[in-house]
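Worksheet for the structure shown next.
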Amino acid sequence: MSHDIKSAERPAPDQVLTAIADYALSYDITSTLAYETAAYCLMDTLACGFQALKYPACTKLMGPVVPGATLTGGARVPGTAYELDPITAAFNIGAMIRWLDFNDTWLAAEWGHPSDNLGGILAVADYLSRSGRRVLVRDVLTGMIKAHEIQGVLALENSFNRVGLDHVLLVRVASTAVVTAMLGGSREQIINAVSNAWIDGGALRTYRHAPNTGSRKSWAAGDATSRAVRHALIALKDEMGYPSALSAKTWGFQDVLFKGKPVVLAQPLGSYVMENVLFKISFPAEFHAQTAVEAAMTLHPQIRAKLDQVERVVIETQEPGVRIIDKTGPLANPADRDHCIQYMVAIPLLFGRLEAADYEDKIAGDPRVDALRAKMQVKENPAFTQDYYAADKRYIGNAVQVFFKDGTASDRVSVDYPIGHRKRRAEGMPVLVRKFEASVAAHFQPKQTESIKALFADQKALSMMPVSEFVARLVTAG
């Protein structure tokens with residue numbers, strides 16, 4: 001950027017801003033695979049939200065910001081009776097789908113959970129549909145594909161966590177672009193909105209790491225996607241933007257928060273991310289530990305009769321697994337536990353399962369859990385790290401082996417990639433559907449459960465349904 005820092009003349013918008021805006025506004029998604037995957041993603045994301053509604057820690061944050069601040073005819077929150085303004089509805093939906101750390105993920109230089117964007121997308125789609133606009137479920141799927149792509153491609157070569165910023169920054173940017181376009185924003189308005197999303201900076205990762213891990217990590221994405229809706233609505237009023245929000249010397253995002261490095265789009269925006277997204281199907285666990293949990297589940301039948309003879313447990317993981325979820329000492333809350341690889345391995349070794357309820361105090365209070373954690377050694381396996389970053393693999397490898405006091409050992413169980421990986425789609429999608437159906441059955445009455453299951457059984461018919469009718473099938477009575 002050669003712009004004179006003393007000059008008040010506005011430069012042309014940063015290339016990243018224009019590329020995102022042009023994609024959100026005009027790009028035609030033609031990939032059948034992307035739409036098929038997006039339909040499964042919609043199903044899975046809602047399943048995560050319905051499961052979260054069992055937990056008071058989540059539901060206490062839902063509803064209007066202040067009592068009575070509802071909006072009849074506004075955006076509805078699936079699984080509830082709330083009708084809210086779209087900004088608040090986006091927070092509600094975003095928080096519930098992220099609460100249990102069970103929705104999809106994307107791992108690259110930066111990681112994150114692209115379906116977090118559904119909070120803003122679905123809230124705006126329902127609001128528009130109820131306001132008389134023709135908005136179909138296919139439009140929601142298109143918005144999901146585009147938000148996944150913006151977030152995921154930005155994540156390929158830009159590592160925000162390395163400078164202490166949380167990945168929900170990319171949820172705010174992606175959601176802002178997509179919902180501004182959904183609302184009818186012009187190219188200039190989308191650029192303006194996205195520039196303001198970058199100028200917001202980024203939330204610190206404090207709440208994801210010891211000793212401060214806490215429940216904000218479960219509502220941070222809801223906050224980000226709701227902030228995106230606010231930016232979009234302001235931009236529609238022709239509020240100004242900031243063309244060099246990223247590149248401005250001294251005051252731009254890159255100089256202030258990214259150590260002067262340029263923010264780049266590693267490849268043209270298309271539908272790559274949705275086609276290759278990673279689903280969390282079997283376990284509500286931080287994704288770097290998914291295969292470790294699977295390995296521990298495999299070992300459970302072999303060792304359950306010898307738990308009192310365990311000398312040590314060796315966990316081999318990738319470098320990000322060591323950096324993010326290798327955690328010792330007391331674990332204060334469920335958010336602490338679902339970001340501790342030792343805890344996530346201990347539960348399946350002990351009980352042969354890992355469910356959301358296993359992070360609550362009742363299970364965590366079992367003295368065998370911390371006793372087993374204390375015997376664990378976590379180390380990096382360089383081959384796992386190499387395969388993790390390899391663009392043609394994107395593996396998330398882990399290995400677990402249990403050693404006993406008598407000198408014997410269990411098998412070393414190694415898993416390269418989890419059931420939610422694209423290479424295991426055929427195996428994974430039936431499990432994803434069962435996850436969805438179980439989540440629906442646990443939350444809704446039997447008649448509504450069957451109606452919702454039938455709704456998702458025909459992807460073609462679902463895609464052509466008006467969003468207002470779709471969401472109406474998913475809400476509960478007041």
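Residues in region 323-337 carry Karplus couplings, in order, of 6, 9, 10, 7, 9, 10, x, x, 10, 7, 7, x, 5, 5, 6 Hz; the curve used is 6.51 cos²θ - 1.76 cosθ + 1.60 with θ = phi - 60°, and Gly or Pro positions show x. Ordering His148, His421 by the number of other Cβ atoms within 10 Å of each residue's own Cβ, fewest first, gives His421, His148.
By its C-alpha gyration tensor, with a ≥ b ≥ c as the square roots of the eigenvalues, how is region 249-326 shaped: rounded for a/c under 1.5, else prolate for a/b larger than b/c, else oblate?
Working: a/c = 4.77, a/b = 2.11, b/c = 2.26.
Taking the square roots of the gyration eigenvalues as a ≥ b ≥ c, region 249-326 is oblate.
The loop-placed trypsin sites (Lys or Arg not before Pro) in region 34-142, going by DSSP, that have at most 15 neighbouring Cβ atoms within 10 Å of their Cβ come out as Lys54, Lys60, Arg134.
Please tell me which of these pairs span more than 23 angstrom C-alpha to C-alpha: Lys146/Lys259; Lys54/Lys362; Lys60/Lys237; Lys54/Lys146; Lys259/Lys379? Walk me through the numbers on the way to the answer.
Numbers: Lys146/Lys259 28 Å; Lys54/Lys362 16 Å; Lys60/Lys237 33 Å; Lys54/Lys146 31 Å; Lys259/Lys379 30 Å.
The answer is Lys146/Lys259; Lys60/Lys237; Lys54/Lys146; Lys259/Lys379.
Stokes-Einstein diffusion of region 352-456 at 37 °C, 0.692 mPa s viscosity, Kirkwood radius from Cα pairs, rounded to a whole number: 185 µm²/s.
Structure shown: which of Lys261/Lys393; Lys280/Lys375; Lys280/Lys393 lie over 19 Å apart, alpha-carbon to alpha-carbon? Walk me through the numbers on the way to the answer.
Numbers: Lys261/Lys393 27 Å; Lys280/Lys375 27 Å; Lys280/Lys393 17 Å.
Distance filter (> 19 Å) returns Lys261/Lys393; Lys280/Lys375.
Here Asp370, Asp166, Asp14, Asp392 are placed in order of increasing Cβ neighbour count within 10 Å, fewest first, which gives Asp392, Asp370, Asp166, Asp14. The peptide list 244-252, 270-278, 190-198, 450-458, put in order of mean Cβ contacts within 10 Å with the highest first, becomes 190-198, 270-278, 244-252, 450-458. Around the amide H of Glu311, modelled in the peptide plane, lie the amide H atoms of Phe403, Phe404, Lys405, all under 5 Å away and 5 or more residues distant in sequence or on another chain.
A straight line joining the Cα centroids of region 10-43 and region 356-433 runs 34 Å. All other residues whose Cβ lies under 14 angstrom from that of Gln51 are scored, Lys and Arg at +1 and Asp and Glu at -1, for a net of -2.
Since only Leu265, Ala39, Leu432 are under comparison, the one whose Cα sits farthest along the positive direction of the charge dipole of the chain, derived from C-beta charges on Lys, Arg, Asp and Glu, is Leu432.
The candidate values are [x] 74, 56, 32; [y] 75, 60, 43; [z] 81, 56, 48; the one derived from this structure for Cα extents along the principal axes in Å carries the label [y]. All other residues whose Cβ lies under 14 angstrom from that of Ser463 are scored, Lys and Arg at +1 and Asp and Glu at -1, for a net of -1.
Counting only DSSP beta bridges with both residues in the chain, what percent are antiparallel, rounded to the nearest 5?
Details: 17 of 22 bridges.
Rounded to the nearest five, the antiparallel share is 75 percent.
The aspartates and glutamates whose alpha-carbon is closer than 12 Å to the alpha-carbon of Lys306, local same-chain residues fewer than 8 away aside, are Asp406.
Taking a straight Cα-Cα cut-off under 13 Å and skipping sequence neighbours fewer than 8 places away in the same chain, the aspartates and glutamates within cross-link reach of Lys423 are Glu275, Asp392.
Over region 322-386, the fraction of Cα-Cα pairs per 10 Å bin, rounded to whole percents and listed from the shortest bin up, is 21, 55, 20, 4.
Distance between Cα centroids, region 228-274 to region 82-96: provide it in whole Å. Distance between centres, Cα-based: 24 Å.
Under a Cβ-Cβ cut-off of 12 Å, what is the net charge of the residues other than Phe436 that fall near it, where Lys and Arg count +1 and Asp and Glu count -1? Show your work: numbers first, answer last.
Values: positive: Arg434, Lys435, Lys453; negative: Asp44, Glu437.
Its environment carries a net charge of +1.
The Cα center of region 111-130 and the Cα center of region 284-339 differ in position by 33 Å. Helix-only arithmetic for the chain: the sum of -39500 (n - 2.57) across DSSP H runs with n ≥ 4, divided by the residue total, places the mean residue ellipticity at 222 nm at -15000 deg cm²/dmol.
For region 442-456, putting each phi into the Karplus relation 6.51 cos²θ - 1.76 cosθ + 1.60 with θ = phi - 60° gives couplings of 6, 10, 9, 5, x, 5, 5, 4, 5, 5, 5, 4, 5, 4, 8 Hz, in residue order, rounded to whole numbers and with x for Gly and Pro.
Beyond 22 Å, how much of the Cα-Cα pair distribution for region 45-145 remains, as a whole percent?
Every Cα pair in region 45-145 considered, those over 22 Å come to 29 percent.
In order along region 313-318, the phi-based Karplus estimate (6.51 cos²θ - 1.76 cosθ + 1.60, θ = phi - 60°) of 3J(HN,Hα) comes to 10, 9, 10, 9, 9, 7 Hz; Gly and Pro are listed as x.
Readers should treat all values here as calculations from the given coordinates under stated rules, not as data from a laboratory. Worth saying up front: this structure is predicted, and the values here are computed from it rather than measured. Quick reminder, even Gly has a Cβ in these numbers, built from the backbone with ideal geometry, and neighbours come from all protein chains shown.
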